[in-house]
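Note sheet for the following structure.
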Amino acid sequence: MARPPRLLAAASGGGHWIQLLRLRDAFKGFDTAYVSMFDSYRPMVEGHRYYTVPDASRFDLRGFLPVFWRALKIVAKERPRAIVTTGSAPMLSFIALGRLTGARTLWIDSIANSERMSSSGRLARKLAHRTISQWPEVASAEGIECWGSVL
């Protein structure tokens, strides 16, 4: 019997993480590993591999080097066929590495961005195979798709 394809599901903390967890049913049929920033989230995805990455801010670009290095190790170990993220700037590393390694990538801009796409989402548009918004008005203004909201 063939092994299911690997999926890496990544999100920062708080609302991004909650949104990602609400997508779990969509990950059925995949061998899913999760990535976030807090070890305290590990029990929420019991039975799955779980990794942490440090936080980084667009206001401190040097902070992205440790995130990228950790993401590189995770992607090399997991070798995902697909990467899905509900965002935040540190998760851009996974989108970029996914593209480099041949994984399909999906950026779901946070529901919190109700008036315009996040700055990270705008960068993700250039990197991800698909970038979507959870708001029809934002999707229309940005020329991307809206598949509905996860909340």
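The values are calculated or read from the model by the stated rules, or taken from the named source; none is laboratory data. This is a predicted model, so every value here is computed, not measured. With ideal geometry, Cβ positions are generated from the backbone for all residues, glycine too; neighbour counts draw on all protein chains shown. Note: areas computed on protein heavy atoms with side chains; ligands, DNA, RNA excluded. Shrake-Rupley method; radii C 1.70, N 1.55, O 1.52, S 1.80 Å.
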- line: Applied in sequence order to the range 8-13, the curve 6.51 cos²θ - 1.76 cosθ + 1.60 (Karplus, θ = phi - 60°) yields integer Hz couplings, x standing for Gly and Pro, of 10, 10, 10, 7, 6, x
statement: Heavy-atom accessible area with a 1.4 angstrom probe orders 25, 31, most exposed first, as 25, 31
task: At 18 Å minimum axial length over the Cα atoms and a Kyte-Doolittle cut of -1.0, report the qualifying DSSP H helices in the chain, or say none.
output: 64-78
- line: To the nearest Å², the heavy-atom accessible area per residue of the chain with 1.4 Å probe amounts to 54 Å²
query: For the range 17-82, what is the charge dipole size about the Cα centre, in debye to the nearest 20, if Lys and Arg each add +1 at the Cβ and Asp and Glu each add -1 at the Cβ?
result: 200 debye
query: For the chain, what does -39500 (n - 2.57) per DSSP helix run (n ≥ 4), summed and divided by total residues, give at 222 nm, in deg cm²/dmol to the nearest 500?
result: -9000 deg cm²/dmol
- prompt: Along each of its three principal axes, how wide is the spread of alpha-carbon positions in the chain, in whole angstrom units, largest first?
  reply: 43, 38, 30
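By DSSP, what percent of the beta bridges with both residues in the range 26-151 are antiparallel, rounded to the nearest 5?
Details: 1 of 14 bridges.
So the antiparallel bridges in the range 26-151 amount to around 5 percent.
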field: Unit charges at the beta carbon, dipole of the chain: most positive-side option, 121, 33, 11
entry: 33
query: When the label point is put 7 Å from the Cα of residue 44 along its Cα-to-beta-carbon vector, which residues of the range 83-110 have a backbone N closer than 20 Å?
result: 83-95, 106-110
query: Roughly what would the spin-label model give for residue 28 and residue 122, points 7 Å off Cα along C-beta, in nm?
result: 3.9 nm
